[in-house]
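The values are calculated or read from the model by the stated rules, or taken from the named source; none is laboratory data. Everything quoted here is computed from the prediction, not taken from an experiment. Methodologically, a virtual Cβ is constructed for each residue, glycine included, from the backbone with ideal geometry; neighbour enumeration extends over all protein chains shown. Ligands, DNA and RNA are stripped out before the accessible areas are found, and what is left, the full protein with its side chains, is counted by its heavy atoms. Shrake-Rupley method; radii C 1.70, N 1.55, O 1.52, S 1.80 Å.
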Amino acid sequence: MLDGIFVFDNAIHCYDMSDENLREDRADARYSRDLLLAMGAGGRWAGYNDGSIEFRRRWTVEELYELVFVDAPTDMAMVQVVPLFDWFKDTFAPVLTQYEMAQRYPDRVLFCGGVDPLYAGVDAALEQLDWQVKELGARSIKFYNGHVDGSWSCDDRELAYPLYERCLELGITVVQFHKGIPFGLMDVEAMKPNDLQRPARDFPELNFVIHHLALPYFEEALWIAARFPNIYLSLAANLNFTLIAPRLVQQQLGQLLQMVGSEKLCYASDAALSGGPAPYLHAFMELEIPDDLRDGFGYPQITPRDRENILGLTFARLMGIDVAAKQEQLARA
Amino acid sequence: MSADVLERLDELRPVLAAHAGGIELVEVRNGVARVRYTGMCTGCPLRPVTTASTVRPALLAVEGVEAVEVEGSRISAEAEARLAVAFGRTIRWNQ
């Protein structure tokens, strides 16, 4: 709890950035992994970049728990698979490690699976989906359609639609997409959120979550989320910029509150790569829309209700969590 | 009070249909009527104008409604004040 607010982190990852997880058949594996590490370092705040924490390794679930739930006022989190095989043998954030974290801390952590239709084909991805949902208890599925080679489109009726159909058959109603923020030397265009519009029309029972505000495609993400009732936005690591470029965050949040509303915005830390979430959470509580942006652009002030929605209520509603009951349960534990 | 608000929203529907849009009631609580635009109005950047010129005056005229909020669309108090002044000169519901 943060000042009485329920905090539900939409995305944490128990990464494996160790040398042992790098693919030997990819000449760009080490370089790309190091770019990911550098990107994480660039967004981390003081205290997480002083060399006391080694990020180039396989994280344990206990360490991630400490970072997110002990050092920060987080109540719940969704631990998400990162189904990127481009440079990693067992993906960037492996399935079984994320599952282990949800198993270890079932009251606080939900498991989000992840598959890719081009890794071993659509049929294999469907089998993975069945396994991750039925056997591992995945509550949501994460997709990464952008790759260095072999990007796929989220509105591809042959590659993507069978996965959405299977999700619904399995009772999954929330699917999530890494958009924007290209990793390594991926084509940035593959990360546009535009290809989620057709599936959002064709699968109205499914809720689509766009991560990272699709930067640099913020305007697209804004206009898409404003118009589609089943498209949500995750501020995954976006609040990290509050210290680096507060004006940028104020402009983004101002536009989001004006056009989309906090009922469709979710906070996500992207720990562990981005460090512990405590500094971002406290900075967000102090963040306001300044006078000139309110007057000149008509951006509304951030209300207490907005902070509650963004920090936890929106994602809790999406995941069917009874917040009052959960708070009671956590208080008793 | 919800029934009265719903009735008033029914009266507004033809107006919003001219925008190829619509409106629905989310809730009425503590005198605050909370609505949501539908159809082509859903993500329209001009929702605040429709709210200030048409929807808010209509709902504030319902007894017991003290404020009107729109889910997914909000502008600053400064911008609201400008719209209120502009539309206050010309818009009167039931007059």
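Evaluated against (1) of a type outside the set (Gly, Ala, Ser); (2) open to solvent by 40 Å² or more (accessible area, probe 1.4 Å); (3) within 11 Å of chain B (Cβ to nearest Cβ), A:GLU286 falls short on exactly one condition, (3).
Of the listed requirements (1) open to solvent by less than 30 Å² (accessible area, probe 1.4 Å); (2) in contact with a Lys or Arg (Cβ under 9 Å, 6 or more places away or on another chain), A:LEU253 misses just one: (2). Pairing each residue of the stretch A:221-244 that is more than 14 Å from A:LEU265 (Cβ to Cβ) with any residue that is buried (at least 23 other Cβ atoms within 10 Å of the Cβ) and of a type in the set (Phe, Trp, Tyr), provided the two are 6+ apart or on different chains, yields C-beta distances under 7 Å for A:ASN230/A:PHE208; A:ASN240/A:TYR280; A:THR242/A:TYR280.
Could you please find all residues in the stretch A:265-307 being aromatic (Phe, Trp, Tyr) and either without any contact (Cβ under 8 Å) to a residue 60 or more places away in the chain or farther than 30 Å from A:ALA38 by Cβ (or both)? Break it down stepwise before answering.
First pass over the stretch A:265-307, keeping only residues aromatic (Phe, Trp, Tyr): A:267, A:280, A:284, A:297, A:299.
Hits for the stretch A:265-307 are A:PHE284, A:PHE297, A:TYR299.
Residues of the stretch A:281-311 that are of a type in the set (Gly, Ala, Ser), touching a helix residue (DSSP H, G or I) at 6+ places or on another chain (Cβ under 7 Å) and at pLDDT 95 or above: A:GLY298 alone.
When the residues of the stretch A:154-194 are filtered to those that are buried (at least 16 other Cβ atoms within 10 Å of the Cβ) and of a type in the set (Gly, Ala, Ser), which remaining residue is modelled with the lowest pLDDT? For the stretch A:154-194, the residue satisfying everything is A:GLY184. Scanning the stretch A:102-127 for residues that are over 20 Å from the mean Cα position of the chain (by Cα) and either of a type in the set (Lys, Arg) or outside any loop (DSSP other than H, G, I, E, B) (or both) turns up A:ARG104, A:VAL122, A:ASP123, A:ALA124, A:ALA125, A:LEU126, A:GLU127.
Here's the yes/no breakdown for (1) crowded, with 19+ Cβ neighbours inside 10 Å; (2) under 27 Å from A:PHE111 (Cβ atoms); (3) away from chain B (no Cβ under 11 Å):
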| residue | (1), (2), (3) |
| --- | --- |
| A:PHE218 | yes, no, yes |
| A:ALA226 | yes, no, no |
| A:LEU233 | yes, yes, yes |
| A:LYS264 | yes, yes, no |
| A:ALA272 | yes, yes, yes |
| A:PRO277 | yes, yes, yes |
| A:ASP295 | no, no, no |
| A:GLY312 | yes, yes, yes |
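Of all residues in the stretch B:24-49, those being in a strand (DSSP E or B) and either within 14 Å of chain A (Cβ to nearest Cβ) or free of Cβ contacts under 8 Å to residues at least 24 places away in the same chain (or both) number 12. The single condition from (1) more than 13 Å from every other protein chain (Cβ to nearest Cβ); (2) outside any loop (DSSP other than H, G, I, E, B); (3) among the hydrophobic types (A, V, I, L, M, F, W, C) that B:LEU83 fails is (1).
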